[in-house]
């Protein structure tokens with residue numbers, strides 16, 4: 001919405017303006033307001049929408065560092081039964097994927113290639129799985145955006161930090177194969193250490209060079225594979241092709257996932273923890289706990305219980321209504337809720353994040369986020385009535401808005417996600 005001085009006596013002015021605009025920019029209507037009206041100052045609250053692929057609610061792969069920490073933390077807190085109960089509806093997902101999607105690919109490979117790929121996928125080194133079967137195709141072990149004063153427990157929501165974890169927070173998930181490292185533009189890659197294990201933040205963790213052929217490995221059948229010399233260029237091409245096939249198999253399996261109703265209900269429960277007036281300083285940047293501007297009002301946060309399927313991927317629509325929002329706040333709120341659900345962690349971690357201790361909370365990609373509409377309730381109830389002006393209500397153009405969103409916004413989100421696997 002914009003406010004300006006405009007001559008509106010000309011007939012069909014809206015249509016004439018739209019003829020000079022690109023299809024991605026539309027004028028829906030023009031309403032006369034009071035002379036002092038400012039759409040920025042008069043806005044009471046805003047509605048935002050976030051589209052989330054449901055496969056982001058899947059638990060981390062059992063071979064990943066995050067999955068291993070989840071298991072350890074559940075035992076440390078004597079929370080094993082409750083933790084497994086929170087993951088009951090997705091139990092066995094990755095086992096089925098390995099059996100039905102990954103094994104056929106591995107079994108089609110030559111013994112030496114299969115051994116290298118298997119080791120890259122499943123065998124950890126120094127506690128962290130090594131997942132780079134080739135030089136071109138890498139598996140990114142995703143790490144949360146890390147603040148120097150953040151902690152592992154805050155991000156996973158599974159346990160309190162020990163002295164050994166101190167100010168490091170690493171969220172790593174694998175195997176999800178990527179053609180290239182996907183680093184957050186706002187955070188430079190750097191190395192962090194947790195319990196003696198080193199990982200690179202926002203960069204892939206790679207196989208050491210010798211894993212491409214200089215030591216013994218074990219194939220799927222458990223037979224020892226003799227040491228072999230470094231691969232010839234042609235064999236490297238075969239290895240890279242195998243990695244691409246595995247990547248495609250994992251992505252296809254994830255996109256085929258259909259979220260159970262119980263999982264959606266748990267996500268809704270997490271989102272409800274944000275409703276009310278809270279201190280969201282951990283959900284933005286460059287604000288301290290005592291900064292009064294970090295307190296924001298969330299009026300509602302709702303997930304549509306009926307997912308939609310686009311291009312073979314299932315999506316959920318999350319809508320949040322708040323008075324105002326800070327930088328990254330919505331992306332971090334969705335990120336925290338998603339992380340807790342997928343990890344089977346206690347949702348009470350959200351309420352704990354409002355405290356004075358710095359937490360590292362990952363933010364979801366900006367791709368699925370859009371401003372749906374501003375709200376002008378105070379202006380409508382006071383100035384508009386007093387000066388006999390039309391109310392500012394976007395519902396008048398609901399049909400046109402929905403058609404525009406489907407064509408120019410939603411479809412672009414779905415197409416970009418299918419292309420880039422953001």
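Coordinate-derived values only; no laboratory data. As the structure is a prediction and not an experimental result, all values here were calculated from the model. Backbone-built Cβ (ideal geometry, glycine too); neighbour counts: all protein chains shown.
The table below lists the values:
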item: FRET efficiency, 1/(1 + (r/R0)^6) with R0 45 Å, evaluated for residue 8 and residue 300 via beta carbons; result: 0.85
item: Relative intensity, log₁₀ I(q)/I(0), of region 52-115 from a Debye sum that treats every alpha carbon as a point, q = 0.25 Å⁻¹; result: -1.11
item: With eigenvalues of the C-alpha gyration tensor scaled by 5 and rooted, region 321-370, Å; result: 19, 15, 10
item: Taking 326, 333 and counting other C-beta atoms within 10 Å, the order from fewest to most; result: 326, 333
item: P(r) of region 268-349 over all Cα-Cα pairs, binned every 10 Å from zero, in whole percent; result: 17, 46, 29, 7, 1
item: Relative counts (whole %) of C-alpha pair distances in region 1-86, using bins that are 10 Å wide; result: 11, 23, 17, 10, 12, 17, 9, 0
item: Region 345-422: C-alpha gyration tensor shape, a/c 1.5 cut-off, then a/b vs b/c; result: oblate
item: Cα centroid separation, region 312-347 to region 354-407 (Å); result: 17
item: Two-site FRET efficiency, residue 108 against residue 21, from Cβ-Cβ distance with R₀ of 56 Å, rounded to 0.05; result: 0.60
item: Efficiency of FRET between residue 383 and residue 323 - r from beta-carbon atoms, R0 25 angstrom, step 0.05; result: 0.85
item: Rounded to whole Å, sorted largest first: equivalent-ellipsoid semi-axes of region 224-375, Cα gyration tensor; result: 39, 21, 15
